[in-house]
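Here the structure comes first, spelled out in structure tokens, and everything after it is commentary.
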Amino acid sequence: MDLVDTLRNKIQVLGNEECVPGLKAVLLHIETAFQHLSRGQEQGEDTAFTDSIYRTNQAFEGSVKEAYRVLAGKDPDRKKPFEIERYLEKASVFRPRVLSQLTTYRTEWRNPSAHDYKLNFDESEAFLAIVSVSAFSCLLLDQITERVAFNAAQAEAERELQAAIEAIQAAKHAGLLDWVAELFARFLSHSTEDYKSGPALREAQLIGGVSGYMSTVSPELVVRS
């Protein structure tokens, strides 16, 4: 698996969202970290491995900030990194596996390299740091994509709610099966057109879209993804 291509494709799905410039900067830091790793391997420059870590640190910070922008709906520019990380942890914004990756990278890579100016990293450590932060960024991008799709579907549902309310209420009175079938049919009627001319629909987009749509048009339903 090419981690850089995976990240690039996940970012591309987000189109022109506000978080995209920051995520592209994250991608650039990871690409540069790989370049430093190659330089160290090919030219025997041991300092290049430590340079890789500094780049992965930047990618880590950028990923967390853009996640905060989307998942918390707040501007990260005036927030310190530890404030953002503390908020995201306490607000249970991240899924458990993503949260464990956040904690692992912060404690094993970011904090030691940020506070110990004498610290040097070798080739294996640089490689592991790059893979770790790339995986963390991929997991974050899935959550970001799901939330963006949720918000978009919610906005679309609010626009069409009045026109759909009678049909939805009639289906609701007919029973749960008819009710849910009507909701899915209405969701698909507008989401299919949105994605026909674009890239293939990703799982995170579909989950976020369905959850956002249903929670808006039928708020009495509890939707867990």
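For the chain, with all protein chains in place and a probe radius of 1.4 Å, 51% of the accessible heavy-atom surface sits on carbon or sulfur. Phi angles of segment 58-63 translate, via the Karplus equation with coefficients 6.51, -1.76, 1.60 and θ = phi - 60°, into HN-Hα couplings of 5, 5, 4, 4, x, 4 Hz per residue; Gly and Pro are given as x.
What label, among [x] 1.22; [y] 1.09; [z] 1.01, belongs to Cα Rg over 2.2 N^0.38 Å computed from the structure on display? Only one listed value fits the structure, namely [x].
Per-residue extension of 0.36 nm, minus the Cα-Cα distance of GLN41 and ALA164, leaves a gain of 38.2 nm for this segment. Taking every protein chain into account, the accessible area of the chain amounts to 55 square angstrom per residue (probe 1.4 Å). 3J(HN,Hα) couplings calculated from phi for segment 118-125 with the Karplus curve 6.51 cos²θ - 1.76 cosθ + 1.60 (θ = phi - 60°) are, in sequence order, 8, 6, 10, 10, 9, 4, 5, 5 Hz; Gly and Pro show x. Label separation (ASN111 vs PHE82): 1.0 nm, computed from points 7 Å beyond Cα along the C-beta direction.
The values are calculated or read from the model by the stated rules, or taken from the named source; none is laboratory data. Small disclaimer: the values here were computed from a predicted structure and weren't measured. When we count neighbours, we look across all protein chains shown, and the Cβ atoms used for this are built from the backbone with ideal geometry, even at glycine. Side chains are part of the model used for accessible areas, which takes the heavy atoms of the whole protein and leaves out ligands, DNA and RNA. Shrake-Rupley method; radii C 1.70, N 1.55, O 1.52, S 1.80 Å.
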